[in-house]
1. Using alpha-carbon positions, what is the distance between the centroids of region 55-94 and region 441-472, in Å?
2. Note down the accessible area of SER348, probe 1.4 Å, to the nearest 10 Å².
3. Rank MET400, MET236 by accessible area, highest first, at a 1.4 Å probe radius?
4. Mind checking Rg over Rh on region 220-287, alpha carbons, Kirkwood formula for Rh?
5. Count charges around LEU158 for me, please; just the other residues with Cβ under 14 Å from its Cβ, Lys/Arg as +1, Asp/Glu as -1.
6. Strictly over 32 Å apart at the Cα level, which of LYS293/LYS477; LYS307/LYS369; LYS252/LYS294; LYS252/LYS369; LYS67/LYS109 would you flag in this model?
7. Only loop residues by DSSP count here, and only those with at most 10 other Cβ atoms within 10 Å; note down the GluC sites (Glu not before Pro) in region 244-353 that meet that.
8. From zero up to wherever the largest Cα-Cα distance of region 139-266 sits, split into 10 Å bins and tell me the percent of pairs in each.
Amino acid sequence: RAGKEGQVLHRSKRGWVWNQFFVIEEYTGPDPVLVGRLHSDVDSGNGNIKYILSGEGAGTIFVIDDKTGNIHATKTLDREEQAQYTLTAQAVARDTNKPLEPPSEFIVKVQDINDNPPEFLHGPYYARVPEMSNVGTSVMQVTATDADDPTYGNSARLVYSILQGQPYFSVEPQTGIIRTALPNMDREARQEYDVVIQAKDMGGHMGGLSGTTEVKITLTDVNDNPPKFPQSVYPMSVSEDKVPGEEVGRLKAKDPDLGDNGLVNYRLIDGDGIGMFELSTDSETREAVIKLKKPVDFETKRSYTLKVEGSNPHIDPQFIAWGPYKDEATIKISVEDADEPPVFVAPSYTFEVEENAPEGTLVGRVHAKDTDVANNPVRYMIPRYTDVEQFFSINAEDGMITTTRQLDREAQPWHNISVSATEIGMYVIETVSAVDKDEMAHRQHFTFSLAPEVAHNHNFSLKDNRDSTASIYVLRKGFSRLTQDVYYLPIEINDNGFPAMSSTNTLTIRVCSCDSKDTILSCNVEPYILPAGLSTGALIAILACIVILLAIVVLFVALRRQKKEPLIVFEEEDIRENIITYDDEGGGEEDTEAFDIATLQNPDGANGFLPRKDIKPELQYPLRPGIGRPAANSVDVDDFIKTRIAEADSDPTAPPYDSIQIYGYEGRGSLAGSLSSLESVTTESDLDYDYLQSWGPRFKKLADLYGTKDCSINDGDDGEDS
């Protein structure tokens, strides 16, 4: 401001009257919102002052009335985009645009409203917590952010809550820390939980905005379960012919814990078989493997008992009171009898015989016996390679050795021969094995069994040798090629893979002819030779069958003769003597499509006539040539019917006279008379209708009609119906 003329005041004084301006964000009113008003002391209101606005958003977002100084916001403002604007205002002379006051800055702040929901920027979350944790154990913390102004109101004041996951977990409302809320949560029962956490602004009050996030919580394992054998007793078996080191069986204790918590160590702790068997652990399957330590003998001891303990090597001290972390099981092993070879009473025999002794001289006797329980008989034989020149022979049943010729001491003073002893029965005729195109691991093996359809046959049996082979045994003696020369034995082969697979293969067993020395002579099919004659019993049976057949034939013929033949032979196509009803009502003689008129004709009568069965006519009259037979397709029904009536009346060879023939044809405007052959007689009607006169006036017209007709006939009418 200027003072007195020629005198300048050095004290500067701000002439604006204004305060800090505020604008509510997201304002959507119909008119521009008034931000505020600028006013200078030099403004006397005469319009000589012009206000100018510059700075952020001047002229675009904010406009000023240069006369009044009113500032308006022309656009919707977003605090989260820009929270405040710095502007500069100046008053200038309208005519010269010279500044009247120094420019002055002011700030327009955008006032916040709750227009942003909370957001979890790092979700979804994944967390782990040990099973069986105490209530209140911290799982993790989740944090949400709100873009609204945290210094103004409650737009950014967040409260956390749990929407899904109760009653297992809870969340602290102010911090977002998730904690366990249920005791003894067991991983073996349920391992994973899906939790949903909500963050709501406005302090959680009504009207606030919210956001959610998912938290997947996994329970980690602790050793809270002891091992447990599924069975208290495990039956196993081992054949007495097995060698030490062979596997007898396996067992495994179940522990639902994971990793080291689920490890189980096994050991033998008791049993009478603890010296005969040993135990090891399969490193891959974690199974206890029972193996043969010493050979077993079925005839000496037939069963053994073992007690196995399975225990956890890693125990959690926190849960030691839940123990003991071990379990026991009993193994009962039965010894199976193996078909062992016979054993000679002595390991060697020494006999003496004089030289030049005659053929058949007794040299000595060897004896072997079956060590099995079955105690099968033994058959003896001298292998030919030990007695090439066959100086000696042996009785197969009793082991007696005799000479077959005279011996010469000077030529050969000693003879060393061998004798073999073989059990009779349960001969092994074949050992089968299998191959698999899959790669076989060292623990994989094949098992064999007879197919179910031959499992109980009486010819052959199968024994699985437990070494991926099987032996086929003969169960009976006396196979005959004449009865059956080939047997088919289906065998099932299974592997122990995952999944286990099987196949069925057929073993063909052929019966061969042998000599007394068990040398195979022939295995070819021989023709069956029938005996030359028949026995007396067979002849009697054949004669009895013939007599019975003859008796049946005679009885059949007699019954046929006694059966009465019908009076009339009915043939399938003869329908003349049947009652035929045509359930069809047509349109009169003009209707030629209602039915085929040819069906009224007798198809057999066209070529001849049927003889009567009750009375045989003396003469057979031919059809009269004077009576014309209408064609089959004729539509003149009247002529056709009259012709047939005339034939029936005059033909003595026609069917019985009481045969009823019905021609159910009714048409419109037909000129034909009655269709019944009953009216073919020429006698006049003798009905009297005089009684109708006494029935009253209601029947007067009917009485007049019939009375008049009767009168005309009685008055000498020519006899025709009127």
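The values are calculated or read from the model by the stated rules, or taken from the named source; none is laboratory data. The structure presented is a predicted model; accordingly, all values stated were derived computationally and were not measured. When we count neighbours, we look across all protein chains shown, and the Cβ atoms used for this are built from the backbone with ideal geometry, even at glycine. Keep in mind that these areas ignore ligands, DNA and RNA; they rest on the heavy atoms of the full protein, side chains included. Shrake-Rupley method; radii C 1.70, N 1.55, O 1.52, S 1.80 Å.
1. Their Cα centres are 101 Å away from one another.
2. Here the accessible area works out near 90 Å².
3. Values: MET400 65, MET236 20 Å².
In descending accessible area the options line up as MET400, MET236.
4. Numbers: Rg = 14.5 Å, Rh = 14.1 Å.
My calculation puts Rg/Rh at 1.03.
5. Taking every Cβ under 14 Å from that of LEU158, the sum is -4.
6. Numbers: LYS293/LYS477 38 Å; LYS307/LYS369 37 Å; LYS252/LYS294 23 Å; LYS252/LYS369 43 Å; LYS67/LYS109 24 Å.
Where the Cα-Cα span goes over 32 Å, the pairs concerned are LYS293/LYS477; LYS307/LYS369; LYS252/LYS369.
7. Filter output for region 244-353: GLU284, GLU352.
8. 11, 26, 19, 14, 11, 9, 6, 3, 2, 0
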